[in-house]
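The values are calculated or read from the model by the stated rules, or taken from the named source; none is laboratory data. Keep in mind the model is a prediction, meaning the values are calculated, not measured. No Cβ is skipped: glycine too gets one built from the backbone with ideal geometry, and neighbour counts run over all protein chains shown. Please note that ligands, DNA and RNA were not included when accessible areas were found on the heavy atoms of the full protein model with its side chains. Shrake-Rupley method; radii C 1.70, N 1.55, O 1.52, S 1.80 Å.
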Amino acid sequence: ATGAGRSVGALGVAISNPGFAIDASGQGFVISDTPSGPVHRLDLSNGQATFVGNSGLRGIGLAFLRGELLALDFDPDQLARIDLATGAGTPIGALVHAGVSCAGLDAASDGSLWALDDGGRILCISPS
């Protein structure tokens, strides 16, 4: 492995501070931190984005956990579930670490959910 990357293609949409996740079947999703929190499905063969819907979140992190798409919403700091058919975001709960602004989200194979905040701290988040 060399770490070399290659461009697959342009999304064709404007995004800001995106969260990105790939489901078990290889389908990509991206969310933007703009106020409406648009969610797009990505064709990973050419990079083309297809609008799914507005989440209503300022999404900055995405991860699949047990087949569900979860997002970090930074205003307010909370965890939310994304409906894959409509893009709508449903809050699950607030992040309880005061002063934490999370930036990255990932799920581990054991079912745990992890976030990285912009202060360099790693958090384990309860997904329910």
(request) Determine the share of the chain's accessible area contributed by carbon and sulfur atoms, expressed in whole percent, with a 1.4 angstrom probe. (result) 54
(message) Probe of 1.4 angstrom, ligands and nucleic acids ignored: what's the accessible area per residue over the chain, in square angstrom?
(response) 53
(request) Order these peptides, 61-73, 41-53, by their mean beta-carbon neighbour count within 10 angstrom, highest first. (result) 61-73, 41-53
(message) How much length would be gained if the chain were fully extended between A14 and W114, taking 0.36 nm per residue of separation minus their Cα-Cα distance, in nm to one decimal?
(response) 33.3 nm
(request) May I ask you to work out the translational diffusion coefficient for the chain at 37 °C, viscosity 0.692 mPa s, via Stokes-Einstein with Rh from the Kirkwood sum over Cα pairs, reported in whole µm²/s? (result) 222
